[in-house]
Amino acid sequence: MKDLLVRIGEGGRVVIPASLRKAMGVSVGDELFVRLVDGELRLMTVRQAVKVAQSLVRRYIPEGSHLASELIEERCREDE
């Protein structure tokens, strides 16, 4: 995708061009995470943020583990 020039409007508003909104799969009313990284403003959908978080956590979970099942088993033992 080629670079696009946008202008900062009243109140610091920036309009995301339609082609980028379509590529991100976002529309009016959707929420985005905004992050400043090395002087760059980065926008991320909630769906993408969840994927990033999952990949970070996955690094610390042994292969074959199923955390939800382990939590349910632990809660059942606590109830007994």
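The values are calculated or read from the model by the stated rules, or taken from the named source; none is laboratory data. Here the structure is a predicted model, which means the values were calculated and not measured. Positions of Cβ are backbone-derived with ideal geometry, glycine not excepted, and every protein chain shown enters the neighbour counts.
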Notebook entry, point to check: Given (1) modelled with pLDDT under 95; (2) part of a helix (DSSP H, G or I); (3) of a type in the set (Gly, Ala, Ser), where does GLY11 come up short, assuming only one miss?
Noted result: (1)
Item checked: Members of segment 20-34 found to be in contact with a Leu (Cβ under 9 Å, 6 or more places away or on another chain) and surrounded by 11 or more Cβ atoms within 10 Å (Cβ to Cβ), listed by number -> LEU20, MET24, VAL26, LEU32, PHE33
Notebook entry, point to check: Just for segment 36-80: of the residues that are part of a helix (DSSP H, G or I) and of a type in the set (Gly, Ala, Ser), which one is surrounded by the fewest Cβ atoms within 10 Å (Cβ to Cβ)?
Noted result: ALA68
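State the number of residues belonging to segment 14-35 that are outside any loop (DSSP other than H, G, I, E, B) and over 12 Å from the mean Cα position of the chain (by Cα). Can you show your working first?
First pass over segment 14-35, keeping only residues outside any loop (DSSP other than H, G, I, E, B): 14, 18-24, 32-35.
Applying the additional criterion that residues be over 12 Å from the mean Cα position of the chain (by Cα) yields 14, 18-23.
Residues in segment 14-35 being outside any loop (DSSP other than H, G, I, E, B) and over 12 Å from the mean Cα position of the chain (by Cα): 7 in total.
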